[in-house]
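Notes to accompany the following structure.
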Amino acid sequence: MGGVTYDLVVRGGRLADSGDVRDIVVRDGVIDDLLPAGSGAQGREVIDASGRYVLPGLIDSHVHFRTPGLTEKEEWAFASRAAVAGGITTVIDMPNTKPATFTPADARDKDAAVRGTSLVDYRFHAGVDPDQVDRLLDFAPAEATSAKAFLTGHHTAPHVLRDPARLDRLFQIAREKDLRLLFHAEDDDVFKLLDQWQGSPPEYRDYERFRPRTGGIVAVAKLIDLVRRHGTAIHVLHVSSREEADLLTAAGAAGLPVTWEVTGHHLSFTTDDTRRYGSRIRLSPAIREQADQDRLWEAVINGEVSTVGSDHAPHPFSDKVQPPPDAPPGLPGVQELLPGLFTGLRRRLPTASDTSLLRIVIRLLASEPARLFGLDHRKGRIAPGLDADLVLFDPEANWSLTDVQAKCGWTAYAGWLFTGRVERTVRRGETVYAGDGVFGSPSGEWLTPALVRGGA
């Protein structure tokens with residue numbers, strides 16, 4: 001090795017995307033090379049990864065870390081610990097904080113509030129101000145390359161875009177600015193009509209019927225029509241029903257710049273679970289039927305879905321046990337995302353190799369979110385020149401989550417037997433999680449994106 005001493009050597013791990021065993025050598029927080037196992041490379045720090053898979057640091061492109069303004073529910077320091085404990089090294093935070101991220105100044109203020117508390121690197125999705133959609137014109141790519149609009153609201157999402165003319169204008173602006181539009185795609189008029197007729201849900205288990213698939217189907221159909229007219233790239237979040245999945249897949253197959261996400265929660269729970277868990281698993285969009293979950297898993301496995309997000313949105317447990325009309329939607333999920341996804345894949349594809357399953361994980365939680373959100377020049381793969389974001393993963397470990405890192409202190413997955421466990425998380429060459437509650441330094445950075453390319 002010519003006497004070279006690297007900052008870090010991760011020795012003898014099996015690369016999850018290829019199955020090859022390699023020594024990963026790191027200098028200045030960047031992967032310098034992938035060497036044959038047993039290379040003898042020397043490092044100031046050496047991590048023995050033999051017998052473990054090494055994944056690229058994962059990207060959760062859908063989190064609500066609640067900073068600023070909603071820190072009674074979650075704080076960035078707690079949430080980033082939960083993230084790295086789950087193998088997540090980069091997050092993209094949603095804009096519905098207090099204040100909402102409607103301007104570049106809001107984004108800079110959020111960075112100032114976060115900096116020095118974050119174990120993960122981060123980006124922010126801009127927020128769409130329903131009263132002044134033209135405020136997005138002020139954003140530079142360094143501040144945001146994506147913007148989220150809510151087409152219906154709930155307890156922590158009061159800013160709803162209802163005006164069709166402003167929605168059309170939003171598509172024009174996003175096309176002009178090369179912004180990828182993200183949508184909570186449920187139609188508010190549909191829900192208002194139903195509410196006028198049937199009122200509020202009398203029991204926790206009635207929530208799905210009061211927030212039915214109809215809202216999502218109508219909203220998705222409208223969005224696809226707008227994409228067809230404007231050519232603007234959209235990414236539809238937390239798709240919950242089989243009908244939405246079919247429409248979005250058909251739009252992508254027709255060449256429209258349409259991509260979509262499912263959440264770990266919609267892959268993990270069905271309406272049958274609501275009888276046991278009540279409002280602990282209340283989401284917006286609602287948890288749906290087994291047939292919907294089966295269709296979402298099919299889309300995950302077949303490559304129709306582009307990303308899986310945690311939609312990490314905790315509330316104190318005291319909020320979740322309020323009367324049925326008042327219990328807010330949202331639950332923690334960033335720590336549970338990787339083990340929940342891998343466990344589900346293992347159960348649905350019992351004869352597949354670990355490498356095959358982990359390739360699906362990497363596509364959904366690393367390479368595709370990096371590509372969609374302009375981070376693939378640094379994140380999403382294990383390759384020379386990219387950030388040394390690495391996860392040591394044992395696919396055979398069976399375990400239950402007891403060390404909940406989210407500030408709320410609870411998990412809807414209590415008692416679950418997960419398969420596959422994160423043993424160590426490295427962000428830019430530094431160990432930020434070493435198991436057993438051992439964390440690194442909160443030196444996460446606000447990332448600068450590469451030149452963003454339009455389209456799906």
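The table that follows gives values for the structure above.
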item: Test: residue in the stretch 392-415 that is part of a strand (DSSP E or B), among the β-branched types (Val, Ile, Thr) and at negative phi; result: no
item: Every residue from the stretch 55-67 that is in a strand (DSSP E or B) and either without any contact (Cβ under 8 Å) to a residue 24 or more places away in the chain or surrounded by fewer than 24 Cβ atoms within 10 Å (Cβ to Cβ) (or both); result: none
item: Verdict on Gly344 being in contact with a helix residue (DSSP H, G or I) (Cβ under 9 Å, 6 or more places away or on another chain) and farther than 25 Å from Val300 by Cα; result: no
item: Count of the stretch 68-84 residues which are more than 18 Å from Asp111 (Cβ to Cβ) and either part of a loop (DSSP other than H, G, I, E, B) or open to solvent by less than 10 Å² (accessible area, probe 1.4 Å) (or both); result: 4
item: Where a residue in the stretch 101-112 is open to solvent by 30 Å² or more (accessible area, probe 1.4 Å) and its partner, wherever it lies, is not in a helix (DSSP H, G or I), with Cβ under 6 Å and at least six apart; result: Asp106/Pro99
item: Contacts under 8 angstrom Cβ, first residue in the stretch 221-245 being at pLDDT 95 or above and basic (Lys, Arg), partner open to solvent by 10 Å² or more (accessible area, probe 1.4 Å) and not in a helix (DSSP H, G or I), 6 or more apart; result: Lys222/Asp187; Arg228/Leu256
item: Lone unmet requirement of (1) basic (Lys, Arg); (2) within 20 Å of the chain's Cα centre (by Cα); (3) open to solvent by 10 Å² or more (accessible area, probe 1.4 Å) for Arg288; result: (3)
item: Failed criterion for Phe418 (all others in (1) closer than 11 Å to Glu336 by Cα; (2) in contact with a strand residue (DSSP E or B) (Cβ under 7 Å, 6 or more places away or on another chain); (3) buried (at least 23 other Cβ atoms within 10 Å of the Cβ) hold); result: (3)
item: Qualifying residue in the stretch 114-126 (condition: in a loop (DSSP other than H, G, I, E, B), within 26 Å of Asp319 (Cβ to Cβ) and more than 19 Å from the chain's Cα centre (by Cα)); result: yes
item: Among the candidates Arg421, Arg363, residue that is within 17 Å of Ile88 (Cβ to Cβ), under 17 Å from the mean Cα position of the chain (by Cα) and either among the charged types (D, E, K, R) or at pLDDT below 95 (or both); result: Arg363
item: Checking Leu194 against (1) surrounded by fewer than 20 Cβ atoms within 10 Å (Cβ to Cβ); (2) at pLDDT 95 or above; (3) aliphatic (A, V, I, L, M), the condition it does not meet; result: (2)
item: Among residues of the stretch 142-159, those that are open to solvent by 10 Å² or more (accessible area, probe 1.4 Å) and in a strand (DSSP E or B), counted; result: 2
item: Pairs, first at positive phi in the stretch 273-301, second open to solvent by 20 Å² or more (accessible area, probe 1.4 Å), C-beta under 8 Å, six or more apart; result: Gly278/Tyr204; Gly278/Arg205; Gly278/Val321
item: Residue that is nearest to Asp60 (Cα to Cα) [pool: residues in the stretch 241-282 that are among the aliphatic types (A, V, I, L, M) and assigned to a helix (DSSP H, G or I)]; result: Leu267
item: So Ser241, is it more than 30 Å from Ala140 (Cβ to Cβ), buried (at least 24 other Cβ atoms within 10 Å of the Cβ) and among the small types (Gly, Ala, Ser); result: yes
item: Condition broken by Val305, with the remaining ones in (1) surrounded by fewer than 24 Cβ atoms within 10 Å (Cβ to Cβ); (2) within 18 Å of the chain's Cα centre (by Cα); (3) part of a loop (DSSP other than H, G, I, E, B) satisfied; result: (1)
item: Test: residue in the stretch 166-176 that is under 19 Å from Gly330 (Cα atoms) and not in a loop (DSSP other than H, G, I, E, B); result: no
item: Matching residues in the stretch 264-279 - criterion: being basic (Lys, Arg) and either open to solvent by less than 10 Å² (accessible area, probe 1.4 Å) or touching a helix residue (DSSP H, G or I) at 6+ places or on another chain (Cβ under 6 Å) (or both); result: Arg275
item: Members of the stretch 1-49 that are part of a loop (DSSP other than H, G, I, E, B), among the aliphatic types (A, V, I, L, M) and either open to solvent by 60 Å² or more (accessible area, probe 1.4 Å) or more than 27 Å from Asp354 (Cα to Cα) (or both); result: Met1, Val4, Ala41
item: Residue list for the stretch 421-430, filter: open to solvent by less than 30 Å² (accessible area, probe 1.4 Å), farther than 29 Å from Arg276 by Cα and either in contact with a Phe, Trp or Tyr (Cβ under 6 Å, 6 or more places away or on another chain) or in a strand (DSSP E or B) (or both); result: Thr425, Val426, Arg427
item: Filter result for Thr97 (in a strand (DSSP E or B), open to solvent by less than 20 Å² (accessible area, probe 1.4 Å) and of a type in the set (Val, Ile, Thr)); result: no
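Table: residues versus (1) surrounded by 24 or more Cβ atoms within 10 Å (Cβ to Cβ); (2) of a type in the set (Phe, Trp, Tyr); (3) over 30 Å from Glu423 (Cα atoms).
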{"site": "Thr249", "(1), (2), (3)": "no, no, yes"}
{"site": "Glu298", "(1), (2), (3)": "no, no, no"}
{"site": "His312", "(1), (2), (3)": "yes, no, no"}
{"site": "Asp326", "(1), (2), (3)": "no, no, yes"}
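The values are calculated or read from the model by the stated rules, or taken from the named source; none is laboratory data. Every value quoted in this text rests on a predicted model; they were computed, and no experiment measured them. When we count neighbours, we look across all protein chains shown, and the Cβ atoms used for this are built from the backbone with ideal geometry, even at glycine. Ligands, DNA and RNA are stripped out before the accessible areas are found, and what is left, the full protein with its side chains, is counted by its heavy atoms. Shrake-Rupley method; radii C 1.70, N 1.55, O 1.52, S 1.80 Å.
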